[in-house]
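Asker: Here's a structure for you.
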Amino acid sequence: QVQLVESGGGLVQPGGSLRLSCAASGSIFNIYDMGWYRQAPGKQRELVATITKGEITNYADAVKGRFTISRDNAKNTVYLQMHSLKPEDTAVYYCNAEVRITLWTPKNNYWGQGTQVTVSS
C-alpha cells in the first residue's frame, strides 16, 4: 500500500506565502508524475501543477508565476511553494502521485488526504 501525507497548509493573509509538502511512503518501486490539485467549496477538483520524474512542470493558468512545484526523488516528496496568495486560492489542496509498486504491476494513482489552505485577512 502507498500513503501520501500532505503538510504545510494553514491560514495566511492575502499576498502571503505558504509551502506545501507531500511525502509518499509504503511499497514503492517507482514514482512517475506527481502533482497538486485543489477543491474549493462547491467546486470541482482542479489541477494546480504537475511535475514529471524528469522535473518537467505544468501549471494551471491561475497560478502561473505565483506557484512553483518541485520534487525530491530521493525523499519521494513533492512540494508546492505558493506566493502572492489570493482569497480565490482558498481550497483543500490534494497531492497526487502515479506509482508503480513492483516492476510487474501497472501504475496506479494515489491521493493524499488533503490540507486546507485559507487566504483571508
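Asker: Do we find a residue being at pLDDT 95 or above and of a type in the set (Phe, Trp, Tyr) anywhere in region 96-106?
Answerer: no
Asker: So which residues in region 66-75 are open to solvent by 60 Å² or more (accessible area, probe 1.4 Å) and in contact (Cβ under 8 Å) with a residue 12 or more places away in the chain, if there are any at all? Steps first, please.
Answerer: Of all residues in region 66-75, those open to solvent by 60 Å² or more (accessible area, probe 1.4 Å) come to 68, 73-75.
Result: THR68, ASN73, LYS75.
Asker: Shifting gears a bit: So, in region 7-44, how many residues would count as being of a type outside the set (A, V, I, L, M) and within 14 Å of the chain's Cα centre (by Cα)?
Answerer: 13
Asker: Which condition number does GLY42 fail, the rest of (1) within 19 Å of TYR110 (Cβ to Cβ); (2) part of a loop (DSSP other than H, G, I, E, B); (3) without any contact (Cβ under 8 Å) to a residue 40 or more places away in the chain being met?
Answerer: (1)
Asker: Applying the selection to region 29-39, what residues are crowded, with 17+ Cβ neighbours inside 10 Å and of a type outside the set (Lys, Arg)?
Answerer: Let us first name the residues in region 29-39 that are crowded, with 17+ Cβ neighbours inside 10 Å, namely 31, 33-38.
Matches in region 29-39: ILE31, ASP33, MET34, GLY35, TRP36, TYR37.
Asker: Please find, among LEU85, LEU47, the residue that is within 15 Å of the chain's Cα centre (by Cα), farther than 22 Å from PRO106 by Cα and surrounded by 12 or more Cβ atoms within 10 Å (Cβ to Cβ). Explain how you work it out, then say what you get.
Answerer: Values: LEU85 fails: within 15 Å of the chain's Cα centre (by Cα).
Only one candidate qualifies: LEU47.
Asker: Could you check, for region 53-69, whether at least one of its residues is over 13 Å from the mean Cα position of the chain (by Cα), in a loop (DSSP other than H, G, I, E, B) and closer than 18 Å to LEU4 by Cβ?
Answerer: Among the residues of region 53-69, at least one is over 13 Å from the mean Cα position of the chain (by Cα), in a loop (DSSP other than H, G, I, E, B) and closer than 18 Å to LEU4 by Cβ, which makes the answer yes.
Asker: For VAL78, state whether it is farther than 13 Å from LEU18 by Cα, open to solvent by less than 50 Å² (accessible area, probe 1.4 Å), in contact with a Cys (Cβ under 9 Å, 6 or more places away or on another chain) and in a strand (DSSP E or B). Working first, answer last.
Answerer: Details: farther than 13 Å from LEU18 by Cα: yes; open to solvent by less than 50 Å² (accessible area, probe 1.4 Å): yes; in contact with a Cys (Cβ under 9 Å, 6 or more places away or on another chain): yes; in a strand (DSSP E or B): yes.
Spelling it out, VAL78 is indeed farther than 13 Å from LEU18 by Cα, open to solvent by less than 50 Å² (accessible area, probe 1.4 Å), in contact with a Cys (Cβ under 9 Å, 6 or more places away or on another chain) and in a strand (DSSP E or B).
Asker: Check region 108-118 and report whether any residue there is assigned to a strand (DSSP E or B) and in contact with a Pro (Cβ under 8 Å, 6 or more places away or on another chain).
Answerer: Residues of region 108-118 assigned to a strand (DSSP E or B): 108-111, 115-118.
Those still in the list that are in contact with a Pro (Cβ under 8 Å, 6 or more places away or on another chain) too: none.
Checked against the condition, which is being assigned to a strand (DSSP E or B) and in contact with a Pro (Cβ under 8 Å, 6 or more places away or on another chain), region 108-118 yields no hits at all.
Asker: Whether any residue in region 13-24 is part of a strand (DSSP E or B), open to solvent by less than 40 Å² (accessible area, probe 1.4 Å), touching a residue at least 12 places away in the same chain (Cβ under 8 Å) and more than 28 Å from ILE101 (Cα to Cα) is what I want to check. First the steps, then the outcome.
Answerer: Looking only at region 13-24, we keep the residues that are part of a strand (DSSP E or B), and these are 18-24.
Keeping just the survivors that are open to solvent by less than 40 Å² (accessible area, probe 1.4 Å) gives 18, 20-22, 24.
After this cut, where a residue has to be touching a residue at least 12 places away in the same chain (Cβ under 8 Å) as well, the list is 18, 20-22, 24.
Remaining after also requiring more than 28 Å from ILE101 (Cα to Cα): 18.
Taking every residue of region 13-24 in turn, at least one turns out to be part of a strand (DSSP E or B), open to solvent by less than 40 Å² (accessible area, probe 1.4 Å), touching a residue at least 12 places away in the same chain (Cβ under 8 Å) and more than 28 Å from ILE101 (Cα to Cα).
Asker: Search region 50-65 for residues being touching a helix residue (DSSP H, G or I) at 6+ places or on another chain (Cβ under 8 Å) and of a type in the set (A, V, I, L, M, F, W, C), and hand back the single one that is least open to solvent (accessible area, probe 1.4 Å). Don't jump to the end; show me each part of the working.
Answerer: The initial filter retains those residues of region 50-65 that are touching a helix residue (DSSP H, G or I) at 6+ places or on another chain (Cβ under 8 Å), namely 53, 62-63.
Pick out the ones that are also of a type in the set (A, V, I, L, M, F, W, C) and you get 62-63.
On the way: ALA62: 61, VAL63: 1 Å².
The residue in question is VAL63.
The values are calculated or read from the model by the stated rules, or taken from the named source; none is laboratory data. Note that the structure is predicted; figures quoted are calculated from it, not measured. No Cβ is skipped: glycine too gets one built from the backbone with ideal geometry, and neighbour counts run over all protein chains shown. Areas reflect the complete protein model, heavy atoms only, side chains present, ligands, DNA and RNA absent. Shrake-Rupley method; radii C 1.70, N 1.55, O 1.52, S 1.80 Å.
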